[in-house]
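The structure appears below as structure tokens.
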Amino acid sequence: MKKEYKPNLSKELKEHLSKQGTLFNFLEDYKQMCSNFKPVKIYSKKDEEKPKNYGELDDEKKRVLKRIGKEYAHATHQLLELALRLHKDKKEYSLIGGFGVLGHLYNHNPKFSLKWRGTADIDLLSKDKLNSYYYKLGFKKIPPERVNKSMIPDGILDSYTLENPYSDNPVKIQDRQQITFKNVNGDIASKIHKDSKIVNFYGVPIRIASMNHLISSKMSIRRRKDKFGIYKDKQDVEHLKSIKKLISARNKRGKP
């Protein structure tokens, strides 16, 4: 019997996606992420609209990719649940990190949800601490010894990592009050929030940091290659730069 991959959507999210006409698309993408996740490696230099594939994978890497796909699908669901509540309760925040990058890619072309490298983390930047708010939603703080500090950008002053204890695949939320971004001075969170934009991600309004701020933050992170030999943050920067070039070219042609 073929396994069914279905997220346990809250009543609020299910009704919202239905009204937006995106419920079917999200459920189909969720199933694809879980069962046949095939991200792309990087854009081709000759044609930025034709990305290169990951290439041949051995059985171990196929298993890793399948696990990443499931975690990514679950994190995407949790992001939608969280963003819907943040928007409804009028909380001031900006989505950064990997999902911030995906927000811009999705805004350019929704098909990028199934092409992007995936993540299991939700990174939020806020001027005010929102931990008590997250606690009310059922999230719990992760003990410091379980936090992977190598995945936190340089210059971070305050970070709280939380997870959803009611999930088989806990989604980490890093609520960062202050991060040192290159070329950004003063009240960082307020500056980034001011330059951010709202993107309808599967019909859910999500406020994401600007491409320039995301590029700056990604360039400040030092990480090792993953099991596929890829620097994820470097890849994200290349994706954002490619999207910026495409948007610039489109604007010069006078297309909206």
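Bear in mind that the values in this text are calculations on the coordinates, not laboratory data. Keep in mind that this is a model prediction, so the values were computed, not measured. Cβ atoms come from the backbone with ideal geometry, glycine included; neighbour counts cover every protein chain shown.
Brief remarks follow.
- Computed extension length for residue 247-residue 141: 34.2 nm, one decimal, from 0.36 nm per residue of separation with the Cα-Cα distance subtracted.
- Highest to lowest packing among 120-127, 190-197, scored as the average C-beta count within 10 Å: 120-127, 190-197
- Our estimate of slack between residue 6 and residue 25, defined as 0.36 nm per intervening residue step minus the Cα-Cα distance, is 5.6 nm.
- Cleavage-rule hits, trypsin sites (Lys or Arg not before Pro), segment 56-93, DSSP coil, Cβ neighbours within 10 Å at most 12: 90
- Spin-label model distance (nm) - residue 59 vs residue 91, 7 Å beyond Cα toward Cβ: 4.4
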